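Take a look at the structure set out below.
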Amino acid sequence: MSDLVNKIAGANEEAVRRMLAADPVLIDVIPANEAIPELKPGMILHAGPPVDWERMCGPMRGAIAGIAVFEGWADDLADAEAKAAAGAFDFHPNHHFSAVGPMTGMTTISQPVMVVENRTFGNRAYCTINEGLGKVMRFGGNDAEVLDRLRWLRDGLGPAIGAALREMGGVPLKAVVARGLTMGDEMHQRNVGCSGLMLRAISPALARTAADTQELARALAFIGGNDQFFLNIAMALGKAMMDPVRDIEGSTVVTAMSRNGTDFGIRVSGTGDQWFTAPVEMPEGLYFPGYTDADANPDMGDSTIVETIGLGGFAMAAAPAVAGFVGAGSASEAANFTHAMAEIALGENPEWTIPALDYQGVPTGIDVRLVVETGVAPTINTGIAHREPGVGQVGAGVVKAPLGCFEQALVALAERMGVA
Amino acid sequence: MSMILNQVRRGYFLDSVALMRISRTVAGLDGVEEAALMMGSPSNLGIMCDADLLDEVGRAAAGGDLILAVRAADQAAGEAALAKASDLLERRPSAAGTGNTWRSKTLRSAVKHLPGANLALISVPGDFAAAEARKALRAGLHAMIFSDNVSIKDELDLKQEARAAGLLVMGPDCGTAIIGGVPLAFANVVPRGDIGIIGASGTGIQEISCLIAQAGGGVSHAIGVGGRDLKAEIGGITTLMAIDALACDPATRHVVLISKPPAAEVARRVLERIGASPKSYTVCFIGAEELDLPANARAASTLKAAALDAMQINALLGTVHTVTVPDARAGSIQGLFCGGTLAAEAQVIFRAAGLAVASNAPIPGIEPLAGSTALHRLIDLGEDEYTAGRPHPMIEPAVRDDVLAETLRDPDVAVVLLDVVIGLGADEDPAGHVAREVAGRGAGGPIVIASVTGTDGDPQGRLAQIEKLRAAGIHVAASNADAAELAVACIGAGA
Amino acid sequence: MMPPMMSMADDAIDNLFSAPPKLVNVGLESFAEELTAQGVEVVQVDWSPPARGDARLADLLSKLSW
């Protein structure tokens, strides 16, 4: 083996080591501008790689208009859109500020964000609280109902969860994921097990720190009624796990995957903060009654950070129920998705194992070289949003990361290492 | 007015044998003049272009794409043909979809699923074979490279790396090996015994191992070294490693080395290494007469002589086919061989008999085909000019059918000489193909002489194959060498 | 330069000769089918050209992978 290949092997070993050494703990909920001091009025963080207003999809624009009204930067939605088109707002990816957000992924100064600390390395990652299903901002919803809920999250639920977490010293998350995998969760499309575990973990502290029983009841009902409550925590966990893996010279490991409804972007450890982008692909799956693929929005959200750490589509073997959404897939074929992802990952995670595969660990450490060599693209379990803002989720299925991102990354790595 | 229709499937791979079978079915449809399903490599594009099968769609295909190409009498026939081709592709059990069995996509992941894997058998298109072999070596596996069209530079790099790691590279263009009693690729089911074989030729190994079996002996290991291992550029790396390996092998008592005559310096080095081995050797450099051999080695210039020498017998015993010489004829002998070394052995015998013969793969003293006026011809149908873009005639006997049919009709041909190679990897009924072509020619025509390289342990069954040939009026000799001698006798020469 | 007759070649080749080989088959499926029929342990690789046949990417891959 050449020196270069040895160097890459060593760098990748270090990358996977750091992933496996992570110790992510959910420690707090705080306003976004306390978590991210750079946030200021007019600055809107969104999901996916950088994108400007002209290229944004419908739901993303709807969410931006909504959040601008929410924060008081526009009088109403029409005013917000006009301002946005005129360049009044400052758009940035969540990823550039240690944050992630599902679907449209709006993060602005007053939003409450959950804080996950990676105790091994000391870094933190942030994600807003999951709003629930139906008409929500992450699907581009922006009416009074949506904004009212955001206000309650900001003023009620967020602080309540924050107080509980501080009181109990936080919730270590690796074990929650491990248990969830044994309960049929894959932490992207299916979080019902982990959401239940989280509720159990924090409800005593919520009770101890609650201002009154009405508020406590509302909080418990909200969390308890949201099967996807854990998604946002899993995303922050993923970001916290992957951020220390960035910038390892010579490493070909993928450190982020993300979409903004227009472009799919990846980042690779050995090429630092460079985004490699390609147009997002359309999801393939099953639609709720009354909807078809003609209604589908292109793929969107930072939630692919979950696949980046070996969960979601990578852990499909643990979640046969999800496989039923996957077009022609049957429950018994769920395992094949995980086997396919093992072809493009460097190793497996011994702490996150899948009983149905004889406790094989989830595929860990996506290697750009393996993706390009095999032509096997990371498979993502995703919800499908309606292309009109605010309608909500219309289906669920799989989508593939575009191979073009990985091919570009390979070329960039080769140039950086002097062999192009 | 015929028309060309193409369809391209991006990144869709299927092996050449499967593609050939589908192509033949589609080409036989009503209204179809020609059809081919091929991967879009530059050489395949050239072949399809020459066959007038490509339009702009097909020409734009890349190396990893599958091209479905049809030339038909009209649009309707063309579309029907493409639809049929698609249907045949769809009907193949898809690799990743059959039940719950996952098929690894790379050698790397395959090795994870078979701990203790120690040998990679590589038969991907030549352009990709060296890379796969390198992956195998890096994973600590020996490599048997069946693929040909690997560059000599890649071969040298691979063999040097393998030698440093203590691993064997058998090949490229290694069609036959028997390791630990297991026949690999194109090999025959022969009993285990104490004779080792090191061969630069697949069919050479096959013929000798089968004759040893016929004589009641058995084979410990047959190591294929690839057709170019004994060229000066490679210097016999794998051959030397094989000699060393068998020197220490308790299961081996005697070794047969088969090759075309190597470059002088390589021959010297090889013979010197043989001299240092505790085992006895039969050295068969096909057609070579004078050799400076060490004390533990004897020479044999034909495969048959090598087998007899290894078994220390004078004749093949127990053969059931005593062949009487048919009435002598005037005219030419046309040999159509699937096995290159079998063609070479025939040339040795024709040369010794003083016959004027030419070949597309001539041994020293035999004229090359181009520009030759020699009466007799011995053709190796496995040579590059016949196999570019097509399976080898041993995999797909149909490749020989057309040439055979034409030769049988030629009034100037007195004798047709054929090899019929059976065993693993070969067609399920090579004799059947030949018998059908010969039986279908009607009365008169050339004498047809054949031999069957194989054993009764082979799936096709040697005796059954011989019976099919004889039923079609073909004279079946005990060995390839015997068949060549019989052909010579039919012309009345060599007596 | 004469490499010694008994070399480090011994271990790996010894291992190869002393028992039926365990194979990884990369290419023609018929080879794997025949081996399986003989009771030999073999894994078939569902192979396709690296980088879907793109020669330039395959070349970069080879430089970065071995």
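The values are calculated or read from the model by the stated rules, or taken from the named source; none is laboratory data. Just so it is clear, the structure is predicted and the values come from calculations on it, not from any experiment. In this analysis, Cβ positions are derived from the backbone assuming ideal geometry, glycine residues included, and neighbour counts consider all displayed protein chains.
Yes or no: C:Ala55 surrounded by 15 or more Cβ atoms within 10 Å (Cβ to Cβ), within 7 Å of another protein chain (Cβ to nearest Cβ) and at pLDDT below 90?
Spelling it out, C:Ala55 is indeed surrounded by 15 or more Cβ atoms within 10 Å (Cβ to Cβ), within 7 Å of another protein chain (Cβ to nearest Cβ) and at pLDDT below 90.
Among B:Ala306, B:Ala310, B:Ala242, which is closer than 20 Å to C:Ile13 by Cα, of a type in the set (Gly, Ala, Ser) and crowded, with 21+ Cβ neighbours inside 10 Å?
Of B:Ala306, B:Ala310, B:Ala242, the one residue that is closer than 20 Å to C:Ile13 by Cα, of a type in the set (Gly, Ala, Ser) and crowded, with 21+ Cβ neighbours inside 10 Å is B:Ala242.
Select from the range B:375-395 the residues that are buried (at least 20 other Cβ atoms within 10 Å of the Cβ) and either among the acidic types (Asp, Glu) or in a strand (DSSP E or B) (or both) and list them in ascending order.
Passing the criteria: B:His376, B:Arg377, B:Leu378, B:Ile379, B:Asp380.
For B:Gly224, state whether it is within 27 Å of C:Ala37 (Cβ to Cβ), small (Gly, Ala, Ser) and in contact (Cβ under 8 Å) with a residue 12 or more places away in the chain.
yes
Could you please let me know if B:Leu88 is assigned to a loop (DSSP other than H, G, I, E, B), hydrophobic (A, V, I, L, M, F, W, C), farther than 27 Å from A:Val371 by Cα and out of contact with any Phe, Trp or Tyr (no Cβ under 9 Å at 6 or more places or on another chain)?
Against the criterion (assigned to a loop (DSSP other than H, G, I, E, B), hydrophobic (A, V, I, L, M, F, W, C), farther than 27 Å from A:Val371 by Cα and out of contact with any Phe, Trp or Tyr (no Cβ under 9 Å at 6 or more places or on another chain)), B:Leu88 does not qualify.
Tell me which residues, restricted to the range A:289-346, are at pLDDT 95 or above, charged (D, E, K, R) and out of contact with any strand residue (DSSP E or B) (no Cβ under 7 Å at 6 or more places or on another chain).
A:Glu343 - this is the single residue of the range A:289-346 that is at pLDDT 95 or above, charged (D, E, K, R) and out of contact with any strand residue (DSSP E or B) (no Cβ under 7 Å at 6 or more places or on another chain).
Quickly run through the range B:179-194 and pick out the residues that are surrounded by 24 or more Cβ atoms within 10 Å (Cβ to Cβ) and either away from chain C (no Cβ under 12 Å) or under 15 Å from the mean Cα position of the chain (by Cα) (or both).
Passing the criteria: B:Pro183, B:Leu184, B:Ala185, B:Phe186, B:Ala187, B:Asn188, B:Val190.
Report the residue count in the range B:173-193 for those that are without any contact (Cβ under 8 Å) to a residue 60 or more places away in the chain and either assigned to a strand (DSSP E or B) or under 14 Å from C:Leu28 (Cβ atoms) (or both).
Counting residues in the range B:173-193 that are without any contact (Cβ under 8 Å) to a residue 60 or more places away in the chain and either assigned to a strand (DSSP E or B) or under 14 Å from C:Leu28 (Cβ atoms) (or both) gives 7.
Would you confirm, using the coordinates I've provided, whether A:Ala211 is at pLDDT below 95 and hydrophobic (A, V, I, L, M, F, W, C)?
yes
Of the residues B:Ala431, B:Ala435, which single one is crowded, with 22+ Cβ neighbours inside 10 Å, touching a Lys or Arg at 6+ places or on another chain (Cβ under 8 Å) and more than 27 Å from B:Leu308 (Cβ to Cβ)?
B:Ala435
Answer yes if at least one residue in the range B:116-123 is at the interface with chain C (Cβ under 8 Å from one of its Cβ atoms), surrounded by fewer than 20 Cβ atoms within 10 Å (Cβ to Cβ) and over 28 Å from the mean Cα position of the chain (by Cα), and no otherwise. Even if it seems obvious, please write down each step before you answer.
So the first thing to find is which residues in the range B:116-123 are at the interface with chain C (Cβ under 8 Å from one of its Cβ atoms), and the list is B:116-123.
So of that shortlist, the ones also surrounded by fewer than 20 Cβ atoms within 10 Å (Cβ to Cβ) come out as B:116.
Of the ones still in play, those that are also over 28 Å from the mean Cα position of the chain (by Cα) are B:116.
For the range B:116-123, residues at the interface with chain C (Cβ under 8 Å from one of its Cβ atoms), surrounded by fewer than 20 Cβ atoms within 10 Å (Cβ to Cβ) and over 28 Å from the mean Cα position of the chain (by Cα): present.
Please find, within the range C:19-52, the residue that is surrounded by the fewest Cβ atoms within 10 Å (Cβ to Cβ) out of those that are small (Gly, Ala, Ser) and at the interface with chain B (Cβ under 7 Å from one of its Cβ atoms).
Selected residue: C:Ala19.
Tell me which of these A:His92 doesn't satisfy, since it passes every other one: (1) surrounded by 20 or more Cβ atoms within 10 Å (Cβ to Cβ); (2) under 28 Å from A:Arg149 (Cα atoms).
Going through (1) surrounded by 20 or more Cβ atoms within 10 Å (Cβ to Cβ); (2) under 28 Å from A:Arg149 (Cα atoms) one by one, A:His92 breaks only (1).
This table checks each residue for (1) more than 9 Å from every other protein chain (Cβ to nearest Cβ); (2) assigned to a loop (DSSP other than H, G, I, E, B); (3) of a type in the set (Val, Ile, Thr).
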residue: B:Gly235; (1), (2), (3): yes, yes, no
residue: B:Thr238; (1), (2), (3): yes, no, yes
residue: B:Asp244; (1), (2), (3): no, no, no
residue: B:Pro261; (1), (2), (3): yes, yes, no
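Taking the residues in the range B:246-259 that are surrounded by fewer than 24 Cβ atoms within 10 Å (Cβ to Cβ) and either out of contact with any Ser or Thr (no Cβ under 8 Å at 6 or more places or on another chain) or part of a strand (DSSP E or B) (or both) as candidates, determine which candidate is modelled with the highest pLDDT.
Here the residue is B:His254.
So, in the range B:63-83, of the ones that are surrounded by fewer than 18 Cβ atoms within 10 Å (Cβ to Cβ) and in contact with a Ser or Thr (Cβ under 9 Å, 6 or more places away or on another chain), which residue ends up farthest from B:Tyr386 (Cα to Cα)?
Per the stated criteria, the residue is B:Asp74.
Please return the ranges of strands (runs of 3 or more DSSP E) entirely within the range A:51-170 where 2 or more residues are closer than 24 Å to A:Leu237 by Cβ and in contact with a helix residue (DSSP H, G or I) (Cβ under 8 Å, 6 or more places away or on another chain).
In the range A:51-170, the matching strands (runs of 3 or more DSSP E) lie at A:112-118, A:123-128.
Conditions tested, residue by residue: (1) within 14 Å of chain C (Cβ to nearest Cβ); (2) touching a Leu at 6+ places or on another chain (Cβ under 9 Å).
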{"residue": "B:Arg10", "(1), (2)": "yes, yes"}
{"residue": "B:Ala27", "(1), (2)": "no, no"}
{"residue": "B:Ser41", "(1), (2)": "yes, no"}
{"residue": "B:Ala60", "(1), (2)": "yes, no"}
{"residue": "B:Leu66", "(1), (2)": "yes, yes"}
{"residue": "B:Ala72", "(1), (2)": "no, yes"}
{"residue": "B:Ala81", "(1), (2)": "no, yes"}
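Identify, from the list A:Val29, A:Val16, A:Val5, the residue that is of a type in the set (A, V, I, L, M, F, W, C), in a helix (DSSP H, G or I) and either buried (at least 23 other Cβ atoms within 10 Å of the Cβ) or free of Cβ contacts under 8 Å to residues at least 24 places away in the same chain (or both). Show your work before the answer.
Values: A:Val29 fails: in a helix (DSSP H, G or I); A:Val16 fails: either buried (at least 23 other Cβ atoms within 10 Å of the Cβ) or free of Cβ contacts under 8 Å to residues at least 24 places away in the same chain (or both).
Sole residue among the options that is of a type in the set (A, V, I, L, M, F, W, C), in a helix (DSSP H, G or I) and either buried (at least 23 other Cβ atoms within 10 Å of the Cβ) or free of Cβ contacts under 8 Å to residues at least 24 places away in the same chain (or both): A:Val5.
Let me confirm something: among B:Glu155, B:Glu207, B:Glu132, B:Glu161, which residue is within 14 Å of chain C (Cβ to nearest Cβ), of a type in the set (D, E, K, R) and crowded, with 22+ Cβ neighbours inside 10 Å? Explain how you work it out, then say what you get.
Working: B:Glu155 fails: within 14 Å of chain C (Cβ to nearest Cβ); B:Glu207 fails: within 14 Å of chain C (Cβ to nearest Cβ); B:Glu161 fails: crowded, with 22+ Cβ neighbours inside 10 Å.
Step by step, each of B:Glu155, B:Glu207, B:Glu132, B:Glu161 is checked, and only B:Glu132 is within 14 Å of chain C (Cβ to nearest Cβ), of a type in the set (D, E, K, R) and crowded, with 22+ Cβ neighbours inside 10 Å.
Which residue out of A:Leu220, A:Leu157, A:Leu165, A:Leu237 is under 23 Å from A:Met106 (Cβ atoms), aliphatic (A, V, I, L, M) and surrounded by fewer than 21 Cβ atoms within 10 Å (Cβ to Cβ)?
It is A:Leu157.
Here are the criteria: (1) under 22 Å from C:Gly27 (Cβ atoms); (2) free of Cβ contacts under 8 Å to residues at least 12 places away in the same chain; (3) not in a loop (DSSP other than H, G, I, E, B). Tell me which single one B:Thr101 does not satisfy.
(3)
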